[in-house]
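Here the structure is laid out as structure tokens; the discussion comes afterwards.
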Amino acid sequence: MSVDIRYIGEFLYLADTLSFRKTAKHFYVSRSVISRHIAALEAEVGVQLFERDSHAVRLTSAGEVFCREAQLFSRDWELAIERARKAGDGDYVLVRVGYLRNAARPVLAHFVRAMEAFHPDVKLSLVCMDHCDLVQAIAQQAVDIAPAVNVD
């Protein structure tokens, strides 16, 4: 990737605020700097991500798609940095576990105890979700593990 990775953060902030002024202020740069960075990002991606006029900024349909993907990328990038730092410190590895409230309860306590016994260097982040959120989290790789129980 030839575009600076910081441009993704600027893009996401601009997509959220739809304001070059607010984005520039947030990143302590001028509006023209943000404009150049967005133009460089659009050139790299090969499509226009924002529609701009003198009164408003809007995401294009391509910009909306890119925004969803960039959010995933940004989250994964931050997680990669966090995990690398912890590994470099010899600290621990974080594993994100998504589970359904009632379905996973019978196995969750056993799973946690087994992980503590056999993998003490692994820390678990447990997140209770409803079915739709868990399916989405799995699809977006927002969880590393999702224990399931076969009730048959």
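The values are calculated or read from the model by the stated rules, or taken from the named source; none is laboratory data. Predicted model only: the values in this text are computed from it and were never measured. Cβ placement follows ideal geometry from the backbone for every residue including glycine, while neighbour counts extend to all protein chains displayed. Heavy atoms of the whole protein, side chains included, go into the accessibility calculation; ligands, DNA and RNA do not. Shrake-Rupley method; radii C 1.70, N 1.55, O 1.52, S 1.80 Å.
Observations on the model:
- Search result, residues across segment 94-112 that are of a type in the set (A, V, I, L, M) and at pLDDT 75 or above: Leu94, Val95, Val97, Leu100, Val107, Leu108, Ala109, Val112
- Selection count, segment 6-17, where residues are open to solvent by 60 Å² or more (accessible area, probe 1.4 Å) and closer than 23 Å to Ile81 by Cα: 2
- Under the condition of being open to solvent by less than 40 Å² (accessible area, probe 1.4 Å) and either among the basic types (Lys, Arg) or in contact (Cβ under 8 Å) with a residue 24 or more places away in the chain (or both), the residues counted in segment 60-71 number 3.
- Identity of the residue in segment 29-58, part of a helix (DSSP H, G or I) and touching a strand residue (DSSP E or B) at 6+ places or on another chain (Cβ under 9 Å), that ends up farthest from Leu18 (Cα to Cα): Glu42
- Residue that is surrounded by the most Cβ atoms within 10 Å (Cβ to Cβ) [pool: residues in segment 72-128 that are under 25 Å from the mean Cα position of the chain (by Cα) and either of a type in the set (S, T, N, Q) or at positive phi (or both)]: Ser74
- Restricting segment 129-152 to residues that are assigned to a loop (DSSP other than H, G, I, E, B) and under 24 Å from Arg68 (Cα atoms), the residue that is most open to solvent (accessible area, probe 1.4 Å): Gln141
- Residues of segment 18-36 that turn out to be open to solvent by 40 Å² or more (accessible area, probe 1.4 Å) and either touching a residue at least 60 places away in the same chain (Cβ under 8 Å) or closer than 20 Å to Arg68 by Cβ (or both), as a count: 1
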